[in-house]
Structure formats: structure tokens, C-alpha cells
1. Mind checking the angle between helix 36-48 and the chain's longest principal axis? C-alpha axes, 0 to 90 degrees, to the nearest 10.
2. For helix 191-200, report the angle its Cα long axis makes with the longest principal axis of the Cα atoms of the chain; keep it between 0 and 90° and round to the nearest 10°.
3. Please report the accessible area of Cys78 (heavy atoms, 1.4 Å probe, ligands and nucleic acids excluded) in Å², nearest 10.
4. In debye, nearest 20, what is the charge dipole magnitude of segment 169-319 about its Cα centre with +1 on Lys and Arg Cβ and -1 on Asp and Glu Cβ, if you could check?
5. Count the net charge of all other residues whose Cβ sits under 12 Å from the Cβ of Leu384, scoring Lys and Arg as +1 and Asp and Glu as -1.
6. State the answer as a single residue: which of Leu250, Ala297, Gln308 lies farthest towards the positive end of the charge dipole of segment 216-348, with beta carbon charges of +1 for Lys and Arg and -1 for Asp and Glu, about the Cα centre.
7. List the lysines whose Cα lies under 18 Å from the Cα of Lys98, skipping any in the same chain that are fewer than 8 positions away.
8. For Ser45, what accessible surface area do you get with a 1.4 Å probe? Give it in Å², rounded to 10.
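The values are calculated or read from the model by the stated rules, or taken from the named source; none is laboratory data. Just so you know, these numbers come straight off a predicted model, no measurement behind them. Don't worry about glycine lacking a Cβ; one is built from the backbone with ideal geometry, like all the others, and counts go over all protein chains shown. Note: accessible area is taken over every heavy atom of the protein model, side chains too, but ligands, DNA and RNA are not part of it. Shrake-Rupley method; radii C 1.70, N 1.55, O 1.52, S 1.80 Å.
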Amino acid sequence: MTRRLRIDLRLRAPLCIARRPTAPGQPIETLAYISGTVLRGGLASAWLQGRRYEELTAAQQDLFAAVFMGSSVRFGNCLPQISGAETVVVPATAWARKHAAEPWLADDGEGVQDQLVTLLSDSEPNPTLKPLDQPFSAYRDSAYTRLPLRKRLIARTAIDPERGTARDQQLYTFEVLETGQIFSGQIVGDNDAIVELEQGVLRRNQQLTLGQGRSRGMGSVTIEEVEEREAATDERATLREQIEHFNTRLSGSDQQSEVLLPVTLESDLLLRDYYLLPSSDPQPAQTLGRYQPGAPASLQIEWRGILQSARWIGGWDELRRLPCSPQLAVQMGSVWTFRVGRAELDPALDWWIKVAQQGLGERCNEGFGQIRLCHPFHLAEGSL
């Protein structure tokens, strides 16, 4: 039996989840969310209770590997939350005026606009618009608004481990997420593994340490709430209705022989091609087919509707105490559009629903590879 838990984390100290490697003397930038990789590492450290993996018995090592190092549990990204609102990943096709201070609250009705239909219809995008630099939006009372996220810069000196004093000429500057904020994510897994997590670390007021600068007092969070979530239901009928509406907006008719399916990445995504080389090319029958076989034969990329960016990610593996190998990631918010024959629309929807449930690409158990079919941004007309 598969179980889903929602976990809410409250920051008790400044938190920095390093965004990219930095040159000496440059500030360390933070992600705007707590990645599934970092959440898994923090829970694993709390489960170990100060012991090293090598100090565990063989049975304990097998249990630890099953819960934290296998595929039986998926640790999702924890996104910032505000009371009474849903956090929405903003797709790359959401654009706003270049010099708007607060595009979500534009008084003249020219706020944030989704450009996917414009790109697919070969129309020239409005030159006064640019992609938003905000990764998340708050959705509340049938409206999208900016999701407030408090950050600041703090400086710390390196410590000499032998003398216990500040080390000369070594100053670290961190961009941090400010204390008091709430971040929420999902943990999905087999019942036995979830029970072990609940008995060991998933409980209210459990303290975790995450991210950079932990020896300097940073990265302390507590579990605010753990809540059971219902399993996802069959949503094919709803998705089909949304996709038909999107295609009618695009072509003016619902009788086209082919249908366009927009897909938004709700987390970074790691792909490899048939040669196991890092890739950002979403070919359904090739790259994507390595991870989820059985895509309909007519499912093809619609290049006019591709708007994506990529970056190299690294990091530190808390479980193995080793640096992670750099990997190419297609960034959260990227938009892919696919074309499929109308006769194969239902098999295509079933295939994408399975992808959404299981994740796509590498390291899905760490929050990578989460997708959303037909984002509500693409269904809105005019300004959001």
C-alpha cells in the first residue's frame, strides 16, 4: 500500500540551500525552496541520531538503505507557504512588463500574461514583456499573487578546527531564507517505510538541521505538522476537458486531427540519453522513453511550444559524505509542448498521468522529475 504524507517545516534559524558552486569571495546563493535531496539528508541524519552508517548493525543498515537510499520512498521538494493559499510553480511562459515593480497587481489590466498560445500560433511576442523571475505564485481567492519570500545576507568567518578561533582572511557570505517561514512538501512511499519514518523522525516538533553553515548555527528547522493525504484519483476526464479547452483557444475548433499537450516541470529534472550522457532533449520515444516506456507512437515534440532553461547542479551527499557529481538539470518552470493524434489522446493522457505519479528521469526519490500536465496558467485568458 502506498501512503502520502504532507510535511510542514518551520525555519528556526537562517537557512541556505546552496544554489550553485561559487568562486572564492562570492556570496553563496540559496534556492527559494527546500529540495527533496536536502529533506532526505536531514531526516536521515536525525534517524541516525549522531551515529555513523558504519556503526549500525547489518539489520539497521538494510533498514536505513530501504528507507533512505532506495526507491521505496520519494521525498518531495518543500515549497514556501502562506496561510490560506496554494503555492503554484510559475511556468516559463508567464511573462510580465519589463519594468513592472509588482506585475501581479497591475492596475491597468496588463499584468502577468501566459505566452504559450502566442508562441504556438507563431505570433510575435509583445516586446515590452519578459519572463517572470519569480519561481512561485500564491493562489488564493481565485487570484494569483506574488508569494512573499524573505531573504537576507549574513557573513560568517571560517573556524580553525585546531584552535577553535576565526581563521584569518576566510569570510563566507550566505544568502539565506529568513527564520519563521513555513515550507511544505510531500513524502510518498510504501506503508512499511512510512511507518518506520513515523516511528523514527516524522513527528511534530522534531528538529532537523539542513543546508549550509550548520556548524555556525544555521539550518535549524522543526517539523510543524505531518498530515496524511489521500491517494491521487483518476483525473483523465478532467485533464481531457482542460486540454480540449486549451486547443479550442489555440485553433478556434475542437475538431483538429492532432491535439497539443502542454507540460510544465514542477521541479528540476535530470535526463540521460541512450549513451547515458546528460541530456535536456525531451524526445518521447527516446530520452523520456528510457524512464517511462509505452508512449503513443504519434506523441511528438512541438518545438514552437518548448521554453526551457538548464543548469548544472552539484551538492553534498549527506548520506555518503561525498560531493555529488555535477549533473545537467532542466530547470523548474520549463514548459514542453507535445503533439499527439486525436485517436491516441486517451493513451497519451494515461501515459502522462503515470509519469506525473511516478516522476520522470533520474533521482525522483529526491524530488526531481515532477511534472504537471496542462498548467492552469495555460487555460487563463488575458492577464492573470
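1. Roughly 30 degrees, rounded to the nearest 10.
2. 40
3. Per-residue accessible area (Cys78): approximately 0 Å².
4. 560
5. Cβ neighbours under 12 Å give a net charge of -2.
6. The one lying farthest along the dipole's positive direction is Gln308.
7. Qualifying lysines at Cα under 18 Å: Lys130.
8. Answer for Ser45: close to 40 Å² accessible.
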